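The structure under discussion appears below in the form of structure tokens.
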Amino acid sequence: MRYLPHTPEDVDAMLKAVGADSVDDLFESIPVDCRRKHPLRLPESLSEWELNDHIDTLGADMAVSPDYRIFMGAGSYAHHIPAVVSYLLGRSEFATAYTPYQPEMSQGTLQAIFEYQTLTARLLGMKVANASQYDGASALAEAVLMAMRISRRKKQVAVSRAIHPHYRRVLETYLAPTDYEIVPLPYLPGGVTDLDPLDTMDDLAAVAVQSPNFFGCIENIETAAQRAHDKQALCIAAFSEPLAYGLLKNPGSQGADIACGEGQSMGIAPSFGGPALGMFATRMKYVRSMPGRIVGQTVDTDGRRGFVLTLATREQHIRREKATSNICTNNSLCALAAAMYMATLGKTGIRELARLNYDRCEYLKAELRDAGFTLPFEQSTFNEFVVDFGKNFEKTHSRLAADNIIAGLSLEKYYPELSGHYLLCVTEMLTKDDIDRLVSAVR
Amino acid sequence: MTEYPGTTGLILNEPLLWEKGKQGRSGFSLPRRDVAPQPLSETLAGDGPDFPQLSEVDVVRHYTRLSQWNFGVDTGMYPLGSCTMKYNPKTNERQAAQPGLARAHPMLDDDLCQGSLLLMYDLERFLVEITGMDAATLQPAAGAHGELAGMLIFYAYHKSRNAPRSKIIVPDTAHGTNPASAALCGYRPVPIKSSDQGVLTPEAVAAVMDEQTAGIMVTNPNTLGLFEENIRKIADIVHAKGGLVYGDGANMNAIMGIVHMGQIGIDVLHLNLHKTFSTPHGGGGPGAGPVCVLKHLEPFLPVPRVIKENGRYRLSEDFEYSIGRLHAFYGNVGVLVKAYSYILSMGAENLKKASQLAVLNANYIKERLKDTFHLAYDRPCMHECVFSDKLQQPYKVTTLDIVKRLMDYGFHPPTIYFPLVVPGALMIEPTETEAKEDIDLFIESLKSIAAEARDNPELLHAAPTGCRRKRLDETTAARKPILTG
Amino acid sequence: MKDVSELSFPDDFRYAESHEWARAEGDTVKVGISDYAQDQLGDIVFVELPETGESFDKGTEFGTVESVKAVSELYMPVGGEIVAVNSALEDAPEQVNNNPFSEGWMIEVKPQDTSELDALMDKEAYLTSLKG
């Protein structure tokens, strides 16, 4: 086996040094009744050629672009990943390093994460970001737990129904063993969250909304933040498509206390939903309640600038059961991909790209309206929107799929009241021709 | 004269991203504009983030230089105890980047995703076979996430029996994630001490186990590199009081094909694919922390689960007692592809051999260094061994000094000051992918450092000198945090 | 870490087993941690203190003190209401290291029972306990 370098002579010499007769002797501390009686039953080992063939066969059994035109987002977005990002991310000094516990030997990862934190904070309009978390869903769950800690005694969190349904399910899982209560906030006919139920809540720790929300609608974070602050509660602004902030107001400038969500859009391949990137940012005054790793700037003994993991006393390896989170790792390499992507885009690039995404999506909306379809939500959208294709669209959807066009996500499973409604997404990966083809096919 | 890998090569300076660049530069290629600009409400529009403006070359040089300040398994030996820094096979990267898998959208109909679903279904079966458990979930994104899943399963199990519990037993050798994960489920950790042999005793467990205790979290092999040989008796005690046994499988690398985890009393077990199954650590993630359970806990596994029916695969949420969803989609599938590729490349025989060689390498280091450094527990170890700085204390040299000096010799330091039960711990895990000659050089380096500690301790106090930076001031970093630039 | 003989312990302070000091100043009692405690903890980077107006019983936790890689709880040497906290420690936690008995004070308590102060160790008893 090419990964195992030991020759029989090596093994003999090492056994001799250890004073053992055979490798089996080394396992004598394991009681007999704990040992396996039979060898593992696994497929015979594959050569690299065989493995390539096998994986290519599996890959061929997947519907992906460019063979398919996929008008679907719903938390996972197809964006162009520049060759620069894939290539640099493959540098194995980054990929094969552990968490930077020894800063002198990990300045590459540390500076890169410091830069990621900075770019993320700028993107979200916040003062401080952590080194990343697992994904948008766990970032939201951790944000709610953080708000509960800050509020100390309060037990309620108001959660918009227009937040990604999967994120809400994850939040429910995290909160199941606690005595915290999730109060759902309905959405208004215009497609944005109804904040009025907040008025009657008297034990409110936080209000969580997503913008753009699951329907693509742009929420008014400023109002949500004001209403939250009126109740001495925190405003959590979630997101699944951060590219929007290249064009739209960011959560921080609208008064959000915690901005958290999914960063997969930023240069990370969809990979069937993971690994992704939990982005998490907050105000400086809450930094010691924030979960996750943080990199900070300092100097070495010669006074030269360097970077270290810092504020570690919040974390599980020191504070154990009293930690701000049980999280140990971040999604470092995904954070690095996002930083490279943001650096590649730059200030003008992100604006132009976000604008192009917006314009193409608006074009599809206009074409569908022209074709006679109803777009039920009036609120402005980014990249995604809901269309009422009617209750009998399922067959058309299947027919189009057979023709390699995916005409969005059926919402009925997540919102029974929206049967016949579909969530459509357009990014820069779909051209005007693709859009025209979709519209003429559904017409 | 021995030539060690460490040297002071040419290391180039590089500023922060925003200290480079110029107004008007961009490194991004935009697609041709084929639609007219559409109106956007001014009240919604923002200013856009203040990102640096860099050319493609600026970005490439920046990250290439940063990468050269880093040390990975591909650079050299990385014997970080408990972290299993084994070689990360390159073919795994190729497989995960296969366009059909890498570009897969997670919300399409099952019929359009058969390739990824088959891979996940089979990987679950492989992990079940390797551990000897009955069922698995691949959803947890990391080891700590797997622990959380496990504790939620404990919670759901006790709740389903209308007998919620309030405490959990956690040994003093446990990873910090154990008590933190348990606390998220409302369990108060009850610490117990390991014996002078470095393992748990049935007596210590029996003394605290009661009907308010949800169970115990055991890392086996433990963080001292020792097999918890009383595990079956301990499990019997816990089960007799209605509790469950959680296995932290972070150290599964030592026992593949050797121990049957399903028959030693463990009810729930998490694995770290980024340790045992060779996926890269990425400078701190993404990992993957699948959880395996015995049959009686299968109903509680997270949803969705992959089901096979009539030769086709589909995702099902139809499990009444499930703890729910833990990840926005199905976990770190891209990482799963790498672990799946590793298992297929290795096969049953080589997986067992990997464990055997990991244990041989660790015992070899233990034997050859035990006269140089104080050995915390002088008995045969599994995949790692734990020394301390006790013999160097007379020279006013600490574990920290020793490992900083090791950097100058060209090795990544072992894990230090963990487990907490060994003051000044030096925890060495070579893994099976290190060749004897590299291990010999590592041993020689540590012997040489021990001699320097005696003859010239200043060398150690000033170390490292060959890295891009000397020792960094962590105190100022924490007192006056600068967290963004 | 220093030897006990290298540390200073003022005479007119009282000490708790958990290494806090307490000293009566008029009607109130000032509280901090001893030279021994700061030396054991190493460079202190953050001190978390309660709000004024909160009340705690003797022996209960009123805050935490953090070094780079450790967190220690702070316990009330005497019970009572917090009437002042040393907010200067927010920006200068190093005062706990540099001047543990003066600028490094942490809270001022209005004691509920002055006999609790008398029950604490004097310098000699504290030194004996450290050498124990």
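For the stretch A:306-334, which positions are more than 7 Å from chain B (Cβ to nearest Cβ), in contact with a Phe, Trp or Tyr (Cβ under 8 Å, 6 or more places away or on another chain) and either over 19 Å from A:R149 (Cβ atoms) or part of a loop (DSSP other than H, G, I, E, B) (or both)?
A:F307, A:L309
Could you please let me know if A:R122 is free of Cβ contacts under 8 Å to residues at least 40 places away in the same chain, charged (D, E, K, R) and more than 22 Å from A:S240 (Cα to Cα)? Let's see the steps before the verdict.
On the way: free of Cβ contacts under 8 Å to residues at least 40 places away in the same chain: yes; charged (D, E, K, R): yes; more than 22 Å from A:S240 (Cα to Cα): no.
Criteria not met by A:R122.
Consider only pairs whose beta carbons are under 9 Å apart and that are at least six residues apart or on different chains; among these, list those whose first residue lies in the stretch A:227-243 and is at positive phi and without any contact (Cβ under 8 Å) to a residue 12 or more places away in the chain and whose second residue is in a strand (DSSP E or B) and among the hydroxyl-bearing types (S, T, Y).
none
From the residues in the stretch A:337-358 that are within 19 Å of the chain's Cα centre (by Cα) and more than 7 Å from chain B (Cβ to nearest Cβ), which one is surrounded by the fewest Cβ atoms within 10 Å (Cβ to Cβ)?
Ranking the qualifying residues of the stretch A:337-358, first place goes to A:A354.
Can you name the condition, by its number, that A:P177 falls short on among (1) surrounded by 23 or more Cβ atoms within 10 Å (Cβ to Cβ); (2) within 10 Å of chain B (Cβ to nearest Cβ)?
Of (1) surrounded by 23 or more Cβ atoms within 10 Å (Cβ to Cβ); (2) within 10 Å of chain B (Cβ to nearest Cβ), only one is false for A:P177: (1).
Quick check: is even one residue across the stretch B:183-193 in contact with a strand residue (DSSP E or B) (Cβ under 8 Å, 6 or more places away or on another chain) and under 20 Å from A:I30 (Cα atoms)?
No, the stretch B:183-193 contains no residue that is in contact with a strand residue (DSSP E or B) (Cβ under 8 Å, 6 or more places away or on another chain) and under 20 Å from A:I30 (Cα atoms).
A:R149 passes all but one of (1) more than 28 Å from B:A45 (Cα to Cα); (2) in a helix (DSSP H, G or I); (3) touching a Ser or Thr at 6+ places or on another chain (Cβ under 7 Å); (4) at pLDDT 95 or above; which number fails?
A:R149 satisfies every listed condition except (4).
Filter the stretch A:210-240 down to residues that are assigned to a loop (DSSP other than H, G, I, E, B) and within 13 Å of another protein chain (Cβ to nearest Cβ) and give me whichever is farthest from A:G278 (Cα to Cα). Let's see the steps before the verdict.
So the first thing to find is which residues in the stretch A:210-240 are assigned to a loop (DSSP other than H, G, I, E, B), and the list is A:211-216, A:218-220, A:231-233, A:240.
With within 13 Å of another protein chain (Cβ to nearest Cβ) added as a condition, the list becomes A:211-212, A:214, A:216, A:218-220, A:240.
On the way: A:S211: 15, A:P212: 16, A:F214: 17, A:G216: 19, A:I218: 20, A:E219: 20, A:N220: 22, A:S240: 10 Å.
Ranking the qualifying residues of the stretch A:210-240, first place goes to A:N220.
B:S448 fails exactly one of the following numbered conditions: (1) in the same structural domain as B:P394 (by TED's automatic domain parsing); (2) within 30 Å of A:L311 (Cα to Cα); (3) of a type in the set (G, A, S). What is the number of that condition?
Going through the list (1) in the same structural domain as B:P394 (by TED's automatic domain parsing); (2) within 30 Å of A:L311 (Cα to Cα); (3) of a type in the set (G, A, S), B:S448 breaks only (2).
How about the stretch A:243-277: which of its residues are at the interface with chain B (Cβ under 9 Å from one of its Cβ atoms), part of a strand (DSSP E or B) and in contact with a helix residue (DSSP H, G or I) (Cβ under 6 Å, 6 or more places away or on another chain)?
A:E262
Which count do you get for residues in the stretch C:83-104 that are over 20 Å from C:F56 (Cβ atoms) and assigned to a strand (DSSP E or B)?
Final tally of qualifying residues: 0.
Within the set of pairs 6+ apart or on separate chains, which have a first residue in the stretch A:9-33 that is at the interface with another protein chain (Cβ under 7 Å from one of its Cβ atoms), a second that is aromatic (F, W, Y), and C-beta atoms under 7 Å apart?
A:M14/B:Y364; A:A17/B:Y364; A:V18/B:Y364; A:S29/B:F227; A:I30/B:F227
Can you name every one of the strands (runs of 3 or more DSSP E) wholly within the stretch B:166-283 that holds 3 or more residues which are within 15 Å of B:E147 (Cα to Cα)?
On the way: elements: B:167-171, B:188-192, B:213-219, B:244-249, B:268-271.
Correct list: B:167-171, B:213-219, B:244-249, B:268-271.
Out of B:L375, B:L441, B:L344, B:L351, which single residue is at the interface with chain A (Cβ under 9 Å from one of its Cβ atoms) and out of contact with any Gly (no Cβ under 8 Å at 6 or more places or on another chain)?
Details: B:L375 fails: at the interface with chain A (Cβ under 9 Å from one of its Cβ atoms); B:L441 fails: at the interface with chain A (Cβ under 9 Å from one of its Cβ atoms); B:L351 fails: out of contact with any Gly (no Cβ under 8 Å at 6 or more places or on another chain).
Answer to the check: B:L344.
Where in the stretch B:1-111 are there helices (runs of 4 or more DSSP H), lying fully within it, with 2 or more residues that are more than 7 Å from chain A (Cβ to nearest Cβ)? Give the steps one after another, and end with the answer.
On the way: elements: B:56-68, B:90-96, B:99-102.
Answer list for the stretch B:1-111: B:56-68, B:90-96.
Spot the failing condition for A:P39; the list is (1) at pLDDT 95 or above; (2) at the interface with chain B (Cβ under 7 Å from one of its Cβ atoms); (3) under 30 Å from B:K370 (Cβ atoms), and only one is missed.
For A:P39, the exception is condition (3).
Please determine, by comparing only the residues of the stretch A:359-398 that are among the small types (G, A, S) and assigned to a loop (DSSP other than H, G, I, E, B), which one is surrounded by the most Cβ atoms within 10 Å (Cβ to Cβ). Break it down into steps so the answer makes sense when it comes.
Let us first name the residues in the stretch A:359-398 that are among the small types (G, A, S), namely A:366, A:371-372, A:380, A:390, A:398.
Then drop every residue that is not assigned to a loop (DSSP other than H, G, I, E, B), which leaves A:371-372, A:380, A:390.
Numbers: A:A371: 12, A:G372: 7, A:S380: 21, A:G390: 14.
Ranking the candidates gives A:S380 first.
The values are calculated or read from the model by the stated rules, or taken from the named source; none is laboratory data. What you see is a predicted model; the values in this text were computed from it and never measured. Positions of Cβ are backbone-derived with ideal geometry, glycine not excepted, and every protein chain shown enters the neighbour counts.
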